[in-house]
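These notes are about the structure you will find just below.
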Amino acid sequence: MKNTRAAGVLMHITSLPSPYGVGVFGRDTKNFIDFLADMKFTYWQVLPFVPTDEMNSPYCSPSSFAGNELFIDPDGLRDRGLCTDADIADCVYGGSPYTAAYSFAAEKREKLLKKSYANANEKIKKSAAAFAEKHPHIAEYAYFAALKAKNGGKPWYEWEKNEADFAHFMKSGRECIKDDFEFICFKQYIFFEQWSEIKKYADGKNVKIIGDMPIYVALDSADVWACPENFRLDLKTFKPQSVAGVPPDYFSEDGQLWGNPLYDWEHMEKDGCKWWLERLGSAFDMFDVVRIDHFRAFASYWAVPADSDTAKNGEWQKGPGMKFFNRLFEKYPDAPVIAEDLGVFGEDVTELLRETGFPGMKVIQFAFTPGADSLHLPHHCTPNSAVYCGTHDNNTLFGWLFEAPEAERNYILRYVGFRGDNWGEGGYHAPACRSIIETVWRTSSRIAVIAFQDMCGFGNDARMNIPGVPELNWRFRTTAETIANVDKKYFREINGLFGRAAMPGEAVQR
């Protein structure tokens, strides 16, 4: 990444306006890019684009390479002649535009995609087949998803042996799901084609995309099914020996028991960490910069016995460290990565960040514990970092300020120079939030990022995710009217005032 100061906005695709229950790769997405460009933002940060789990979380996906088919724009299907206006009218959601309607969108989108596939000509189907052949991990996902449907949704490790064994299936079992496989390949082809159009539009507006990569994958995933040897499993029962999580931290006094299988780094080393390099390479193709979630696991990771019911019972184990990143730099010398180095810290993480040269993260909401000299305090920010008003896991700025204990809130307000008595005023011109935002924008960090909700001064009801709470997350959505009400003049002004305004040719170069 170039050593120029810049600013970005965090907003996931599902949160964007659209008539279809969730945001899609359509006209509203291009309008949002225009919105960012008009305020001279350099970056748009998104959450992972992968398929989600049953709780709609993109951080426990059935594939590290596939795309979330809910993002496919029905209008784009119609424009290609694959469906009609009457077909897409059935996909229009009549409920609240402020809450993502995942179930509705999934049901209607699948129906529309089946109709579109039936209408597709041979040229499109051949293009989809060629796409899957060129991207073998997408093909693995297509086989996995087709088999999962055939098996009534059961996890792959409960399938019959001839299907649970990937190598055996690939030799003799593919013909039985050929039609479903080809349909899923078609959907993935459309997803990536539509994203390519959006990405090209963003490039033309000088807006660069920061993608997000979860560190771990789900046990019930195409990644583990296709190569269980890459993970710490009993290869006879396919049960994990230990699972991922984090010890007690800011978000949870019991820690967080994620349950993902851990990597067998010793086995991965045998082929030069091929899977990881392909995963990162795929992300670099899609995005300008990739934020790696829970980066600290490359230094050391929290391993919890698989039969434990709490993350408290884990232990730190050594990760691959620079041995892996030396391989990465051989293939991608200028790998554009932001390292999410939050949570329980350690000298090994600090050293790994120094050796890789990746920018780490600072979060203003972690800074103001009374009596503590937090590394997240703005005066501790260093140029090689990305500073956030809050991440998708945090409360909104206004919600945080409102819920903070009085001593902490007084510390925050004094630090950011807020002298009024109306700190409790929210909305688009929330005065205390603006003082915090400007403090973030003043820091020496090269990148400053704000969540869209904080541009609006929204409260905690607009929060995207509460870590450790499995339900009622990932639902925040907004409307075109709300976006239009944002004070664009203000953000254009502070981007210029604090040297963060995007200029042609000065965004991220790769």
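The values are calculated or read from the model by the stated rules, or taken from the named source; none is laboratory data. All values reported here derive from a predicted model rather than from experimental measurement. Here the Cβ positions follow ideal geometry from the backbone for every residue, glycine too, while neighbour counts run over all protein chains shown. For accessibility, only protein heavy atoms count, side chains too; no ligands or nucleic acids. Shrake-Rupley method; radii C 1.70, N 1.55, O 1.52, S 1.80 Å.
Worth a mention:
- Listed values for the stretch 473-480 are Karplus-derived 3J(HN,Hα) couplings in whole Hz (6.51 cos²θ - 1.76 cosθ + 1.60, θ = phi - 60°), namely 10, 6, 9, 4, 9, 9, 10, 4, and x replaces Gly and Pro.
- Alpha-carbon Debye profile of the stretch 208-258, log10 I(q)/I(0) at 0.28, 0.31 Å⁻¹: -1.06, -1.18
- Computed 3J(HN,Hα) for the stretch 151-157, one whole-Hz value per residue from the Karplus formula 6.51 cos²θ - 1.76 cosθ + 1.60 where θ = phi - 60°, is 9, x, x, 5, x, 4, 6, glycine and proline marked x.
- Neighbours of Asp341, meaning other residues whose beta-carbon lies under 10 angstrom from its beta-carbon, give a summed charge of +1 when Lys and Arg score +1 and Asp and Glu score -1.
- Amide H contacts under 5 Å for Val337, placed H, 5+ residues apart: Val290
- Each principal axis of the Cα atoms in the stretch 112-262 has its own extent, and those three values, largest first, are 52, 48, 25 angstrom.
- In the chain, the longest principal axis of the Cα atoms and the axis of helix 347-356 are about 80 degrees apart.
- In this structure the amide hydrogen of Phe231, modeled in the peptide plane, comes within under 5 Å of the amide hydrogens of Asp264, none closer than 5 places in sequence on its chain.
- Within the accessible surface of the stretch 378-510, defined with a 1.4 Å probe on protein heavy atoms only, the carbon and sulfur portion equals 51 percent.
- Set of lysines with alpha-carbon distance to Lys154 below 25 Å, sequence-local pairs under 8 removed: Lys108, Lys111, Lys114, Lys171, Lys178, Lys187, Lys236, Lys239
- Accessible area in square angstrom per residue, the stretch 341-417, 1.4 angstrom probe: 42 Å²
- Helix-only arithmetic for the chain: the sum of -39500 (n - 2.57) across DSSP H runs with n ≥ 4, divided by the residue total, places the mean residue ellipticity at 222 nm at -11500 deg cm²/dmol.
- For Lys40, the aspartates and glutamates whose Cα comes closer than 14 Å to its Cα, not counting residues fewer than 8 places off in the same chain, are Asp203, Asp487, Glu493, Glu506.
- In this structure the amide hydrogen of Ser385, modeled in the peptide plane, comes within under 5 Å of the amide hydrogens of Arg446, Ile447, none closer than 5 places in sequence on its chain.
- Three-way shape label, the stretch 185-344, alpha-carbon gyration tensor, a/c 1.5: prolate
- Only protein heavy atoms count here; under a 1.4 Å probe, Thr350 has an accessible surface of about 60 Å².
- For the chain, the dipole from Cβ point charges (+1 on Lys and Arg, -1 on Asp and Glu) about the Cα centre works out to 1380 debye, to the nearest 20.
- With the charge dipole of the chain set up from +1 on Lys and Arg Cβ and -1 on Asp and Glu Cβ about the Cα centre, the Cα lying farthest toward the positive end among the listed residues Ser64, Ala218, Phe498 is that of Phe498.
- Over all directions, the projected convex hull of the C-alpha atoms in the chain averages 23.1 nm² in area.
- Cα gyration tensor shape for the stretch 70-148, rounded if a/c is under 1.5, else prolate or oblate: oblate
- Probe 1.4 Å - accessible area at Asp75, Å² to nearest ten: 40 Å²
- Per-bin percent of Cα-Cα distances, the stretch 421-510 [10 Å]: 14, 39, 34, 13, 1
- Accessible surface, 1.4 Å probe, highest first, among residues Phe398, Phe284: Phe398, Phe284
- Listed residues Arg492, Arg434, Arg442 arranged by accessible area, highest first, probe 1.4 Å: Arg442, Arg492, Arg434
- Shown in residue order for the stretch 199-205 are the 3J(HN,Hα) couplings computed by the Karplus curve 6.51 cos²θ - 1.76 cosθ + 1.60 at θ = phi - 60°: 4, 4, 5, 4, 4, x, 9 Hz (x for Gly and Pro).
- Cα gyration tensor, the stretch 25-100 - rounded (a/c under 1.5), prolate or oblate: oblate
- Unit charges at the beta carbon, dipole of the stretch 287-397: most positive-side option, Ser374, Thr310, Gly360: Gly360
- Per-bin percent of Cα-Cα distances, the stretch 297-413 [5 Å]: 2, 9, 16, 17, 16, 15, 13, 7, 3, 1, 0
- Of all DSSP beta bridges confined to the chain, the antiparallel ones make up roughly 35%.
- Against the compact-protein benchmark of 2.2 N^0.38 Å, the Cα-based radius of gyration of the stretch 1-49 scales to 1.25.
- Charge dipole of the stretch 151-260 about the Cα centre (unit charges at C-beta), most positive-ward option of Gln256, Met170, Phe238: Met170
- Environment charge at Ser64 (Cβ cut-off 11 Å; Lys +1, Arg +1, Asp -1, Glu -1): -2
- Cα centroid separation, the stretch 229-272 to the stretch 396-455 (Å): 37 Å
- For the stretch 196-273, the per residue solvent-accessible surface stands at 42 Å², with DNA, RNA and ligands left out and a 1.4 Å probe.
- Overall, the accessible surface of the stretch 159-249 at a probe of 1.4 angstrom is composed of carbon and sulfur to the extent of 51 percent.
- Accessible area per residue in Å² at 1.4 Å probe, computed on the stretch 20-135: 41 Å²
- Net charge dipole, the stretch 138-197: roughly 180 debye, given to the nearest 20, about the Cα centre with Cβ charges of +1 for Lys and Arg and -1 for Asp and Glu.
- Cα convex hull of the stretch 272-336, projected area averaged across orientations, nm²: 5.4 nm²
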